[in-house]
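Report on the following structure.
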Amino acid sequence: MDQRKIGEFLKQLRTERQWTQAALADKIGVSNRSISRWENGTTLPDLSLLVMLSELYGVSIEEILDGRKKETNMNNNQTITKVADYTTNMEDKRAKRMMWFFIISLLAMGGYAIIDINHLGSIEPYESIASMLLGFICGTLMTGVLYCSKTLQNIARTKLRLKSFILQNDTTKK
């Protein structure tokens with residue numbers, strides 16, 4: 001899967017419709033910066049957004065993942081394989097981000113422990129640093145619980161359903 005090729009194709013599809021990045025971002029509920037990153041090949045949209053883009057542009061998900069329009073339809077096995085590869089790729093990236101997030105949190109715990117063991121928590125600036133570290137650690141733990149309990153995925157699915165509903169209503173009004 002060539003991210004740059006996918007990005008160029010997404011840009012081509014957008015410009016064919018004479019949409020600005022801002023207009024597309026408004027349609028699917030993301031930032032202009034996200035659209036720019038996709039089109040530059042820096043990142044790829046989530047699968048839920050890929051489905052939305054496929055519907056908006058009138059192309060298949062396979063065509064987006066290939067970075068070009070197809071003359072013939074792919075068979076179902078090829079489609080399933082491409083979507084599975086894409087999903088696996090996105091999950092791997094998400095897992096790596098979470099791993100680094102937790103490593104940084106462990107370092108913050110170490111910093112807090114050093115301040116606490118040396119009884120520096122009541123001396124400025126250590127008091128402020130300890131408070132920031134403790135806040136970061138608590139935030140990381142809450143994020144981890146939400147991520148591991150699939151709450152964040154459920155929120156994302158609900159958001160996708162709402163976006164799809166709004167998108168369908170917008171297209172039926174026109």
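Taken together, the values in this text are just the output of simple stated rules run on the coordinates, not laboratory data. Since we're looking at a predicted model, the values are computed, not measured. Using ideal geometry, Cβ is built from the backbone for each residue, glycine included, and neighbour counts are taken over all protein chains shown.
Between the residues 61, 114, 81, the greatest Cα displacement towards the positive end of the dipole of the chain, with unit charges on the Cβ of Lys, Arg, Asp and Glu, is found for 61.
Can you figure out the FRET efficiency of residue 127 with residue 48, using R₀ = 45 Å and their beta-carbon distance, to the nearest 0.05?
0.55
Which of the pairs 11/150; 5/93; 5/96; 5/27 have their Cα atoms more than 21 Å apart in this structure? From 11/150; 5/93; 5/96; 5/27, over 21 Å: 11/150; 5/96; 5/27. Entry note, the chain: the mean residue ellipticity at 222 nm calculated from DSSP H runs of n ≥ 4, each adding -39500 (n - 2.57), is -26000 deg cm²/dmol after division by the residues and rounding to the nearest 500.
For residue 157, the shell of other residues with beta-carbons less than 12 Å away shows a net charge of +3, using +1 for Lys and Arg and -1 for Asp and Glu. Considering the values [x] 1.12; [y] 1.01; [z] 0.96, which represents Rg/Rh (Cα atoms, Kirkwood Rh) as calculated for the structure under consideration? Among [x] 1.12; [y] 1.01; [z] 0.96, the one calculated here is [x].
Potential lengthening of the chain between residue 162 and residue 148 amounts to 2.7 nm, from the contour at 0.36 nm per residue minus the alpha-carbon distance.
Roughly how big is the chain's charge dipole about its Cα centre, with Cβ charges of +1 (Lys, Arg) and -1 (Asp, Glu), in debye to the nearest 20?
Charge dipole of the chain: 620 debye, to the nearest 20.
Ranked from largest, the principal axis spans of the Cα set of the range 93-173 equal 65, 24, 18 Å. Placing +1 on the Cβ of every Lys and Arg and -1 on the Cβ of every Asp and Glu, with nothing else charged, gives the range 3-66 a dipole about its Cα centre of roughly 280 debye. Within straight-line reach of residue 69, meaning a Cα separation under 16 Å, sit the following aspartates and glutamates at least 8 residues removed in sequence or on another chain: 2, 8, 16, 55.
Using θ = phi - 60° in the Karplus curve 6.51 cos²θ - 1.76 cosθ + 1.60, the 3J(HN,Hα) couplings for the range 152-163 round to 5, 5, 5, 4, 5, 5, 4, 4, 5, 4, 5, 4 Hz; x is entered for Gly and Pro. By the count of neighbouring beta-carbon atoms within 10 Å, fewest first, 64, 114 end up ordered 114, 64.
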